[in-house]
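Below: the structure, in C-alpha cells.
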Amino acid sequence: MNAAYTNNELTDMVLFYGRALGNAHEAQRLYQEAFPERRLPDHRTFSASVQRLRENGEFCRRTTDCGRQRIRRNLDAEPEILNLDEENPGSSIKRLAYRVGVSPYTVWRTLKEQGLHPYHIQLVQGLKPEDLPKRVRFCEWLLEKYEEEPPFIERLLTTNEATFTRDGIFNACNTHIWSDENPHAIRERHFQNRFSVNLCGGIIGNKLIGPYILAPRLNAVSYLDSLNNQLAILLEDVQSRPSKSER
C-alpha cells in the first residue's frame, strides 16, 4: 500500500501535536476524532513530522544529489515502516524491508531516528491463570507478617535448583579466538556418554545453605525427602555457625 501522506495531512498532524502539548499519543487520538474517515497514522509519525519540519523547514528531507527520487521513495515508506512495527514489534528488519519494499538500512535508519532500540526478550516462567491469585495472597500474607514482626523476613529460606550437564553453556557468538590466522579451533560437546547433576542452594538471613546434591530424577517423593533430611541437616549446621556480624 502507498503510505505517503499529503502536505495537508502532515500539517494537521503538526497542529494536533501542538494542541496535545507534544504528547504524540494524545495527538493521535485528537486526529482520529477530527478525521475519522482518514487512515490513522502511527503516533510516532506525529513527532517525526514535527521534528522534520523543525530541522528542515519542510516535511520532505532536503536532497541535493541525483538520488532525490530514491530518497523521496524511502521517505514515503517511513509511515508504513512505523505502522508495521507498531503492529508487530518483534518483526526483523529484513522482514520489514521485504514487506515495504525498501532496503534493510532504510528500515534500520527509520527506527533509529524514532529513538527505537532493539531490546532483547526476557524469558520468564509460564504461569496459569489460577496462579495469580495464589501469588497475590502470598504477597499480602508476607506484608502482614512483616508489619507484625519485621525480623520475620530474616528467617525466610529462599532456595533455587539448577541442573549442570557435561556440555555446560556455550555461546558461539560471544566466543572468539584472537589470532593472525584462522586456527580452526573447536570445542567438543554432545558427547555420547552424558551425565548431569542437580544442585540446590539457598539463603536465609545472611547465611548460605548448601549447595547440596538432589536426586537425579526429581519427583514429589524425592524432593520431600531432600527437604526433610538433607535440608534439615544443613539448617542445623547453619544455626550453629556464627554470622559475620557475630564474628
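The values are calculated or read from the model by the stated rules, or taken from the named source; none is laboratory data. A quick note: this is a predicted structure, and the numbers were derived from the prediction, not measured. Note that each Cβ is placed from the backbone with ideal geometry, even for glycine, and that neighbours are counted across all protein chains shown.
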In the stretch 78-116, anything touching a Ser or Thr at 6+ places or on another chain (Cβ under 7 Å) and among the small types (Gly, Ala, Ser) is listed as Ala97
Picking from Glu154, Glu149, Glu130, the residue that is at pLDDT 80 or above and exposed (fewer than 10 other Cβ atoms within 10 Å of the Cβ) would be Glu130
Of all helices (runs of 4 or more DSSP H) fully inside the stretch 76-177, the set with 1 or more residues that are under 21 Å from the mean Cα position of the chain (by Cα) and among the acidic types (Asp, Glu) is 104-113
Looking at the structure I just gave you, is Gly205 among the small types (Gly, Ala, Ser), touching a Gly at 6+ places or on another chain (Cβ under 6 Å) and modelled with pLDDT of 75 or more? no
Selection from the stretch 21-42 of residues surrounded by 12 or more Cβ atoms within 10 Å (Cβ to Cβ) and either in contact (Cβ under 8 Å) with a residue 40 or more places away in the chain or acidic (Asp, Glu) (or both) yields Glu26, Pro41, Asp42
Note: among Leu96, Leu111, Leu82, just one is under 23 Å from Phe46 (Cβ atoms) and touching a residue at least 40 places away in the same chain (Cβ under 8 Å), namely Leu82
Only one of Arg217, Arg189 is of a type outside the set (Ser, Thr, Tyr), at pLDDT below 85 and either under 32 Å from the mean Cα position of the chain (by Cα) or part of a helix (DSSP H, G or I) (or both), namely Arg189
